[in-house]
Structures are given as C-alpha cells and as structure tokens.
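The values are calculated or read from the model by the stated rules, or taken from the named source; none is laboratory data. Owing to the predicted nature of the structure, the values given are computational and were not obtained by experimental measurement. All Cβ positions, even for glycine, are placed from backbone atoms using ideal geometry, and neighbour counts span all protein chains on display.
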Amino acid sequence: MNHHLILDSPVGKLTLVASDTALLALLWEQDRPGRVVLEYGPEVNPDQPEHDVLAAASLQLTEYFAGQRKVFDLPLDPQGTPFQQQVWQGLLTIPYGETLSYGALAARIGAVPGASRAVGAANGRNPISIVIPCHRVIGSSGKLTGFAGGLKNKAHLLNLESRQGVLPLLE
C-alpha cells in the first residue's frame, strides 16, 4: 500500500508518494490532474513520519531547499513506459547547477535525431520532480519551457542550484 506526505517547501506544498520500498512520486500543489496516476494511500504525519522512505525523502528535500544537499540518495520507482524510463535515467545524469536542452538530452540517451519533442513529453510525465531533475532541461534557445510545477518554480530551482546565485538565462 502506498503512503503519502505533504511537505511545505519554498515552492509550495509538495505531495510525496511512496511504496514501502521506494519513492513513487513528488507532485506539485497545482499539478495537472492525471499527469501522474497512482493511489496515494494514507497520509503520514510530517512531524513524525514513521514511513522510512517518506522520512528520508522529506529530510533530503529540506536539505536541498536549504542549499545543503546536491545529490539525492533515495530508492526510486517511477512508473512509465520504457522510453520514459530511459529519459528519466538521462535526467539523473544532469549535475546539480547545470542545464541541458531537450535535444542534448535526446542525444545523451541515444534517441533518434529529432526526438526532442518525445523527450520533452517524457520529461513532462516525470513523476518524481526535483529528485529526478526535469527542471534542469531547458529550450535550445536557453529559455525556460514547460514544467509541471510552473515556470516560476523552475526558475526558483535553477536559481537555488546556480553557483553564481542567478543563472544568466534567468536575468
């Protein structure tokens, strides 16, 4: 049975959903209905999470937002097609504080030329935002494009990760 926890964060309330063994989703307060389909199960008390995966995820996200964590160390089990899984694995290779275009991500995962739209669609279905860093993918022009949490939150995350405080593309 899945459990969930609602975490207050600098980018709004985040709903963390986990099985007994892995994080399944990190959903935004204003998430599009049906973007990620799964059962939430009972809510865990955020002040005393007795669920190991949710407790670890909550702690690591809090550290991330405080600028104390650059790499997540959580068991993940995002549900999707084989192509989506391939894209999500590619997202995990984008280092903290760096960005990549959809086309560059497509090339990195060995997708056929012209697959940037398909990569973008898979990116948009990423069920574990932030932890699987889909916010690090930007348009080929350097502009911020599509993000389930909204472009303001995407900019916030990229600014948080920027070594200079503000990435040039956000000025």
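Given the condition within 25 Å of His156 (Cβ to Cβ) and assigned to a strand (DSSP E or B), answer yes or no: does some residue in the stretch 75-95 qualify? Yes, the conditions are met somewhere in the stretch 75-95. Looking only at the stretch 128-160, which residues are of a type outside the set (A, V, I, L, M), touching a strand residue (DSSP E or B) at 6+ places or on another chain (Cβ under 7 Å) and closer than 13 Å to Leu92 by Cα? Scanning the stretch 128-160 gives Ser129, Arg136.
For the stretch 106-146, filtered to residues that are basic (Lys, Arg) and under 11 Å from the mean Cα position of the chain (by Cα), the residue that is farthest from Asp73 (Cα to Cα) is Arg125.
Could you check, for the stretch 6-13, whether at least one of its residues is surrounded by fewer than 18 Cβ atoms within 10 Å (Cβ to Cβ), farther than 17 Å from Gly124 by Cβ and of a type in the set (D, E, K, R)? Checking the stretch 6-13: at least one residue is surrounded by fewer than 18 Cβ atoms within 10 Å (Cβ to Cβ), farther than 17 Å from Gly124 by Cβ and of a type in the set (D, E, K, R). All conditions but one from (1) in contact (Cβ under 8 Å) with a residue 40 or more places away in the chain; (2) of a type outside the set (A, V, I, L, M); (3) in the same structural domain as Ala25 (by TED's automatic domain parsing); (4) assigned to a loop (DSSP other than H, G, I, E, B) apply to Glu39; the one that does not is (1).
Condition first: in a helix (DSSP H, G or I) and within 23 Å of Gly150 (Cβ to Cβ). Can you find one or more residues in the stretch 43-58 that meet it? Within the stretch 43-58, one or more residues are in a helix (DSSP H, G or I) and within 23 Å of Gly150 (Cβ to Cβ). Of the residues making up the stretch 67-107, those that are farther than 20 Å from Gly34 by Cα and acidic (Asp, Glu) are Asp73, Glu98.
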